[in-house]
Amino acid sequence: MAATTVEPGALRERRTALHENYLNVKHTVASWLLTIDHKRIAVLYLVSISFFFVIGAAAAGMVRAELTSHNGLFLTNEGYNKAFTIHGIIMVFFFLVPAIPATLGNFLIPLMIGAKDLAFPRLNLLSWYLYISGGVLALSALFLGGVDTGWTFYTPYSSIYSNTNVVIMILGIFLAGFSSIATGMNFIVTIHKMRAPGMTWFRLPLFVWAHYATSLIMILGTPVVAITLLLVVVERTLHLGIFDPALGGDPVLFQHLFWFYSHPAVYIMIVPGMGVVSEIMACFSRKRVFGYTFVAFSSIAIAVLGFFVWGHHLFVTSQSMYSSMVFSILSFLVAIPSAIKVFNWTATVYKGRIWFTAPMLYAMGFIGLFTIGGLTGLYLASLAIDVHLTDTYFVIAHFHYVMVGGQIMAYLGGVHFWWPKISGRTYPEGIAMLAAVVTFIGFNLTFFPQFVMGYQGMPRRYHIYAEEFQFYHILSTAGATVLGVGYAMPAFYLLWSLRYGKLATANPWGAVGLEWMTPSPPPTHNFEDTPTVTWEAYAYRSDVEEEAQADRESMPGLGEAVEEEAELDRREGRTPPEFGGAPAGD
Amino acid sequence: MSAEAVHAEHGLEQHVGVQYSTIEQQNESYIVGMWTFLVTEIMFFGALFLALTIYRSLYPAEFSEAHHRLDKFLGTVNTFILLSSSFSMALAVRYAQLGQRKGLIAMLLVTVLFAAGFLGVKSIEYGTKFEHHLFPGPSFDFNYEEREKQGIAEGGMAARGEEQAAVAGPIGLETNRTTGPVLEDRKQMFFVLYFAMTGLHAIHVLIGMVVMLVIILLAAIDHPAVRDYIPIEMAGLYWHFVDIVWIFLFPLLYLIGH
Amino acid sequence: MEHHVLSVKTYASVYAALLVLLVLTVVAANFNFGTFNIVVALIIGVTKAVLVILYFMGVKFGTRLIWLWASIGFVWFVLLFLTLGDYITRGSVIGW
């Protein structure tokens, strides 16, 4: 049995981690581009997703800059259409959908369930190449002049009348969709079949439940948008006009099929974020998540119910009134499982021992902003109100509250929380907390005015608008600038930490979970021996310390190294967090 | 995937990947993984079946008239071919499970031949459709065949223009099911769906053929990857799925009419 | 997972049944059952599909997990048809 031997004291004497881990095991380009290690693939995704985020953010910057003037500034009508289209496409398909699953999910799921890798490592690598190929096509479409249909590609404009690079862009999205499907397939089989002995379904971290639910949606929904967008390509190239009114085709059928995926897609985007928040909340309240079973099943409920509500995007089309009423009621129902989660998180924090860190700030921001976003969704689910609010900035504010205020904050919180595990370094906590606050302020300044002006009638996708809204737009753009600063800060200090950050211990937060029981960063095969799980998911109590001690002992060398670290910390006046016990600095 | 253990049983050889602890776990994982992929394929084709259902119920008369142009005999032949190919594929998987390489190669070859036959019949069908101007687009002319028989030269758009009837009113089952002229363009919609659905299916048949040929080649050189029956079983699952899609396409496109 | 190898006889019987059902499909198409045309065709089609799934695809002897995933796809396929609810109820109310 090969032991991870680490000489006591060695950790402090080197600038880099001594133990062999997934990052330092090989340094060639080929070892990265041909890796089948889920952790390396997660890092590949992390880098590429960040790249696409910057592009999507640049497009957002163009949109917000343009909107500071009410009669156009530097973009033509068509230019503005292209700007918001590329912003939507990149952000939805190339950032939000893969962000948490492909980076944090890929990295953590095998660790959290005690497996050595995902079920299909090579499929995992293929999914990254599909994502990159799709991205290359999307960027090509952009460089060839962009697309002006909106990210929703409504027909017949997209299928017949638009003169922009619709086909190339759609093919890019098509490939990204298959990347998503591959990830979903991998997660489902992994979670079913690769759990360590003793890791029953109800001992799984809620992060894993969330990703299982997300994978269900990926598998069941993505193919529908794939074929629908393919039909638009086929209509443009081969004249097989399924949505062509001249042939008796119904453009609303496109909308039905498009939203059949795209509504569940928003749950693909948010549910993993909810999983992250559950983990962070438990760790930084030092308490198990209240109502574990409810939270676990609520993820599945969101995934299932999310498939029954797509018609609420078609309220003002020729969709029948009876159909709309059914979709309206179902849309109210789907809010319930989300609300259950929010209640449970609140109950988790109650009487917990709260420890403020950057991840905790992001998670708390998530809960507040997601609640606002979710509640405004109920406004939009009400038929009569939706007639006035649809296609206004109210809708834009609603989905940015859930997607940006929710999802992106959860993503950043997760990246910070697991940063020590992924990189082996700790980031500077003070600046990180500042960045979280700056992001929160910038976000609200950007998007709250949009609720107001939307309610007052400012239409979406317009860059020439009534002067009465200009004040709100200027506020919003100012907020966007602050938000940009808030996003740029982590980019700098996280990269800085890779070289200058303090070396991380296996469990710097004192959290409960299998991923915290391997070194930071983990070795390639995660665990030398498959662990046996005997404890509940969030066993944050001091009486679990003995079991935790036994588990540390099962990893030869690590226990000593961690204790040596702890001893050094004590000598230098820092109190290390105890496993599942008191947080640092208590 | 490095081989940590080799599981051998009557002529089979299965390598257990590093991330798996038992061969049973690995086998079931691959089969379930393939099924999740087939679920995505069901949803992929599903949207087209939905479109067919919707448009057929909106334009029953036009679709009925249009579908008579499909060759029922050739459609039946193709269904027979695919069902037979499923049988030979099942036998191929059985040979793989028993570790009998020669039987595997033979049955896969039979399946490939059937698949080629299917595509051959399809190309004949498509050929006649193109000849009779039944492919959607600017050249579509539903009555071209008849006009040709009557010796009328290609009237093209003008001749077709006389046959167009003005249409008004919302798209709804009520308003269209009642009286009103039979609209030529709705017949074109039938062919849009026909080509989209059978075309997509034919692409899947082609992909299946390629996969089978690769397996045949690997088995011919006794490559270790196909000494394990699981890849063949996965290919089999895919192939049976392609068969099932056709099982539904055939009656819905070729046979159902009023 | 049990390594179930079915006999040639089993496969051949299923194949024979499928061919019989194919004949039935074509014969039934020559009769007009009115609105039940499609119901008849679907029943025969589903029977064929079930035979292929249970025997050729091995689901009959598969684990519970395989049964689950073999069924989910078809259930979700049916969900798509909720869209029909829109088309069926259009034009039912004057002016909408």
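No lab work stands behind these numbers, since they all come straight from the coordinates. These figures come from a predicted structure and were not determined experimentally. Glycine gets a Cβ as well: all are built from the backbone with ideal geometry, and neighbour counts include every protein chain shown.
With neighbour counts taken as other beta-carbon atoms within 10 Å, the residues B:I221, B:I31 rank, fewest first, as B:I221, B:I31. Residue order for A:D250, A:D529, fewest other beta carbons within 10 angstrom first, comes to A:D529, A:D250. May I ask you to derive the FRET efficiency for A:Q470 and A:L238 from their Cβ-Cβ distance with R0 = 41 Å, giving the value to the nearest 0.05? In this case the efficiency is close to 0.35.
For A:T392, the residues 5 or more places off, or on other chains, whose built amide H falls under 5 Å of its own are A:R460.
Taken residue by residue and averaged, Cβ atoms of other chains lying within 10 Å of the Cβ of A:217-227 number 6. In region A:78-176, the inverse of the mean reciprocal separation of distinct Cα atoms equals 14.7 Å; this is its Kirkwood hydrodynamic radius.
Please report the net charge: other residues with Cβ closer than 14 Å to the Cβ of B:V245, K and R +1, D and E -1. Kindly include the intermediate steps, with their values, before the conclusion.
Details: positive: B:K122, C:K48; negative: B:E41, B:D243.
Residues near B:V245 contribute 0 overall.
Sorted by mean Cβ packing within 10 Å, highest first, what order do the peptides A:97-104, C:69-76 take?
Details: A:97-104: 27.2, C:69-76: 18.2.
Taking the mean over residues of other Cβ atoms within 10 Å, the ranking is A:97-104, C:69-76.
Taken one residue at a time, the phi angles of region B:203-213 give Karplus couplings (6.51, -1.76, 1.60, θ = phi - 60°) of 4, 5, 5, 4, 4, x, 4, 4, 4, 5, 4 Hz. Gly and Pro are set to x. Projected label points at A:T28 and B:T22, each 7 Å from Cα along the beta carbon direction, are separated by 3.8 nanometres.
Let a ≥ b ≥ c be the square roots of the eigenvalues of the Cα gyration tensor of region C:8-89; is it rounded (a/c under 1.5), or, if not, prolate (a/b larger than b/c) or oblate?
Numbers: a/c = 5.09, a/b = 1.16, b/c = 4.39.
Judged from the Cα gyration tensor, region C:8-89 comes out oblate (a/c at least 1.5, b/c at or above a/b).
Averaged over the residues of A:257-264, the number of partner chain Cβ atoms lying within 10 Å of the residue Cβ comes to 2. When the C-alpha to C-alpha distance is required to be over 30 Å, the pairs from A:K116/C:K48; A:K116/C:K60; A:K39/A:K287; A:K26/A:K287; A:K39/A:K502; A:K116/A:K502 that qualify are A:K116/C:K48; A:K116/C:K60; A:K26/A:K287. Explain nothing, just compute: Karplus ³J(HN,Hα) = 6.51 cos²θ - 1.76 cosθ + 1.60, θ = phi - 60°, for every residue of region A:448-464 in order, whole Hz, x for Gly and Pro. So the J values, rounded to whole Hz, are 5, x, 5, 4, 5, 6, x, 4, 7, x, 5, x, 7, 6, 10, 10, 10. Taking 7 Å steps out from each Cα toward its Cβ at A:V316 and C:A12 produces label points 6.7 nm apart. For a straight C-alpha distance cut-off of 17 angstrom, the lysines reachable from B:K72 (same-chain residues fewer than eight places away being disregarded) are B:K122, B:K129.
Select from A:W345, A:I168, A:S50 the residue farthest towards the positive end of the dipole of chain A; place +1 on Cβ of Lys and Arg, -1 on Cβ of Asp and Glu, and compute about the Cα centre. It is A:I168.
For every helix of n ≥ 4 consecutive DSSP H residues, a contribution of -39,500 (n - 2.57) applies; sum these over the protein assembly as shown, divide by its total residues, and give [θ] at 222 nm rounded to the nearest 500 deg cm²/dmol. Could you put the intermediate results ahead of the total?
Values: 32 runs with 593 residues, N = 940.
Using -39500 (n - 2.57) per qualifying helix, the result is -21500 deg cm²/dmol.
If each residue's Cβ is checked for other Cβ atoms within 10 Å, how do A:H463, B:H68 rank with the fewest at the top?
Details: A:H463 21, B:H68 9.
Going from sparsest to densest Cβ surroundings: B:H68, A:H463.
Taking every residue in C:18-28 and counting other chain Cβ atoms within 10 Å of its Cβ, the average works out to 4.
Scoring A:285-293, A:364-372 by mean Cβ neighbours within 10 Å over their residues and listing the highest first yields A:364-372, A:285-293. Summarising the label geometry, the points placed 7 Å from Cα in the beta-carbon direction at B:L218 and B:L109 lie 2.0 nm from one another.
With a Förster radius of 45 Å, plug the Cβ-Cβ distance of A:A384 and A:Y350 into 1/(1 + (r/R0)^6) and report the FRET value to the nearest 0.05.
So, using R0 = 45 Å, E works out to roughly 0.75.
Take the alpha carbon gyration tensor of the protein assembly as shown, find the square roots of its eigenvalues, order them as a ≥ b ≥ c, and report rounded if a/c is under 1.5; if not, report prolate when a/b exceeds b/c, else oblate.
Details: a/c = 2.18, a/b = 1.31, b/c = 1.66.
Note, shape of the protein assembly as shown comes out oblate.
Amide H contacts of B:H15 (H built 1.01 Å from N, in plane; Pro and chain starts excluded): B:H7 sit under 5 Å, all sequence-distant by 5 or more or on other chains.
The residue list B:L183, B:Y194, A:F260 was ranked by how far each Cα lies along the charge dipole of the protein assembly as shown toward its positive end, using unit charges on Cβ atoms, and A:F260 comes out on top.
Take peptides A:343-353, C:42-52, A:126-136 and line them up by average Cβ neighbours within 10 Å, highest first, as a rough protection proxy.
Working: A:343-353: 16.2, C:42-52: 18.3, A:126-136: 19.9.
Highest-to-lowest ranking by the protection proxy: A:126-136, C:42-52, A:343-353.
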